[in-house]
Amino acid sequence: GCVLDGKLYPFGDIARTDNCFRCSCSQNAMRCCSLFHTPIAFDKENCKVLFNKKSCNYDVVQKSDTSKECPVFSRV
């Protein structure tokens, strides 16, 4: 298998790791890509970014009330 962040994964395709990556594990290498996109264009003065491990995505919320979402204009 392959080891990523101290955890052993079996050979083959891994739909989702503990840290929100999709990977392919072979005898020669482990290749991974993220399942999330980082927000880059939002109201940085009034909003902040929180990583939601359950949904494997970043939530952009109001600094004053984290239960309210902020609009995101661009992600990478």
When the Karplus curve 6.51 cos²θ - 1.76 cosθ + 1.60 is applied with θ = phi - 60°, which whole-Hz ³J(HN,Hα) does each residue of segment 37-51 get, with x for Gly and Pro? 10, 7, x, 10, 10, 7, 6, 5, 6, 10, 10, 9, 9, 10, 7
How large is the translational diffusion coefficient of the chain in µm² per second when you combine the Kirkwood radius over alpha carbon pairs with Stokes-Einstein at 10 °C and 1.306 mPa s? 113
Carbon and sulfur together cover what percent of the accessible area of the chain at a 1.4 Å probe radius? 49
HN-Hα couplings for segment 12-25 via Karplus (6.51, -1.76, 1.60; θ = phi - 60°), in whole Hz with x for Gly/Pro, come out as x, 8, 10, 5, 7, 7, 4, 9, 6, 10, 9, 9, 10, 10
Could you give the length gained on full extension between Lys54 and Phe73, defined as 0.36 nm per residue of separation minus the Cα-Cα distance, in nm? 4.6 nm
Restricting attention to the chain, give the cysteines that have no other cysteine Cβ less than 4.7 angstrom from their Cβ. Cys33
Measuring from a point 7 Å past the Cα of Asp65 along Cα-to-C-beta, which residues in segment 33-48 have an amide N at less than 20 Å? 43-48
Average accessible surface area per residue within the chain, 1.4 Å rolling probe, Å²: 71
Given 0.36 nm per residue, what is the gain on full extension from Thr38 to Leu8 after removing their alpha carbon distance, in nm? 8.1 nm
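The values are calculated or read from the model by the stated rules, or taken from the named source; none is laboratory data. These numbers come from a predicted model, not from an experiment. Positions of Cβ are backbone-derived with ideal geometry, glycine not excepted, and every protein chain shown enters the neighbour counts. Please note that ligands, DNA and RNA were not included when accessible areas were found on the heavy atoms of the full protein model with its side chains. Shrake-Rupley method; radii C 1.70, N 1.55, O 1.52, S 1.80 Å.
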